[in-house]
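Q: Below you'll find the structure I mean.
All of the numbers you see were taken from the coordinates with simple rules; none came from a lab. Here the structure is a predicted model, which means the values were calculated and not measured.
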């Protein structure tokens, strides 16, 4: 990327990029910068992110800006800017660089822009930081990644100015989508797979599904997987076998997901319901 060197002179400076193979126009970035000063550069995309620690000073649109910890950084495409640490310990931050047409495709709205380069909103910054971490971790899981992109733009939309919305979208039914999910719990489904069943373009489907269900397709799929796992555990299947059959990565993944939804581990749940059956 323009403006970011291949290596830094100061040993404490670190930067990493990641791109999802399935989705062009998206690039993730995370860094801790202590000594390096970025020369004027542009990303030719929206630069959206959160400061996690320290304070950044940067020049943007002719003015100097300070971005402290727990603030949002909101840069429009093709805007030259600099960047350096304002605090002795540097600053740590996460960003996503999104092409303008990707933002419009995901949101269904034209003419996004941000008036303020910095927004000091602790709750929003922490939410955005967590979503960016989720995108980083899901870069090789297309459905989780695309669902996360919509959640990210939803979180950033209060800060944006929108030119105008696309035509109002009809609310489709999703019975066939749920049928496909249930039939293919153990498979890695993509947004394109589900959208094709609904007869919609991928991001039209994603927006419509979330509006109708109150959850992303990824969240709905995980709910179905965990319900299936619960039924299998109640029938006496071992957690490791249940994880594989229900589409979870492994037994550890099953345990984490099960505890978050049901408050007990899979093994404990299996033992508890087995005790009820035995007593009956």
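Q: Given the chain reduced to its alpha-carbon atoms as identical point scatterers, what log10 I(q)/I(0) does the Debye formula return at q = 0.08, 0.12, 0.14, 0.17 Å⁻¹?
A: For the chain at q = 0.08, 0.12, 0.14, 0.17 Å⁻¹, log10 I(q)/I(0) is -0.42, -0.83, -1.02, -1.27.
Q: Mind checking the angle between helix 251-262 and the chain's longest principal axis? C-alpha axes, 0 to 90 degrees, to the nearest 10.
A: 90 degrees
Q: How large is the Kirkwood hydrodynamic radius of segment 53-118, counting all unique pairs of alpha carbons, in Å?
A: Every distinct Cα pair counted, the radius reaches 13.1 Å.
Q: To test your reading of the geometry: what angle, between 0 and 90 degrees and rounded to tens, separates the Cα axis of helix 217-234 from the longest principal axis of the chain?
A: Helix 217-234 and the main axis of the chain meet at about 30 degrees.
Q: Here is a further query. For the chain, with a Gaussian network of springs between Cα atoms less than 10 Å apart, report the residue from 47, 83, 63 with the top mean-square fluctuation.
A: The residue with the greatest mean-square fluctuation here is 63.
Q: How far, in nm, would the chain grow between residue 137 and residue 201 when pulled straight, counting 0.36 nm per residue and subtracting the alpha carbon separation?
A: This chain segment gains 20.5 nm when fully extended.
Q: May I ask for the percentage of alpha-carbon pairs in segment 14-164 that lie more than 23 Å from each other?
A: 30 percent
Q: Here's another thing I want to ask about it. Contour minus end-to-end for residue 250 and residue 21, with contour as 0.36 nm per residue of separation and end-to-end as the Cα-Cα distance?
A: Once the chain is fully extended between residue 250 and residue 21, it gains 80.1 nm.
Q: Do you know the relative contact order of the chain, to the nearest whole percent, from alpha carbon pairs under 8 angstrom that are 6+ apart?
A: Worked out over the chain, it gives 14 percent.
Q: As I understand it, the value is the acute angle between the Cα axis of helix 142-156 and the longest principal axis of the Cα atoms of the chain; what does it come to in degrees, rounded to 10?
A: Between helix and principal axis, roughly 50 degrees.
Q: Let me have the 222 nm mean residue ellipticity of the chain computed from DSSP H runs of 4+ only, each contributing -39500 (n - 2.57), with the sum over all residues rounded to the nearest 500.
A: Theoretical 222 nm ellipticity from helices: -13500 deg cm²/dmol.
Q: How much of the calculated P(r) for segment 135-260 lies past 21 Å, in percent of all Cα pairs?
A: 45 percent
Q: So, one more: Work out, step by step, the length gained on full extension between residue 265 and residue 176: first 0.36 nm times the residue separation, then minus their alpha carbon distance; give nm to one decimal.
A: Fully extending the segment from residue 265 to residue 176 adds 28.9 nm.
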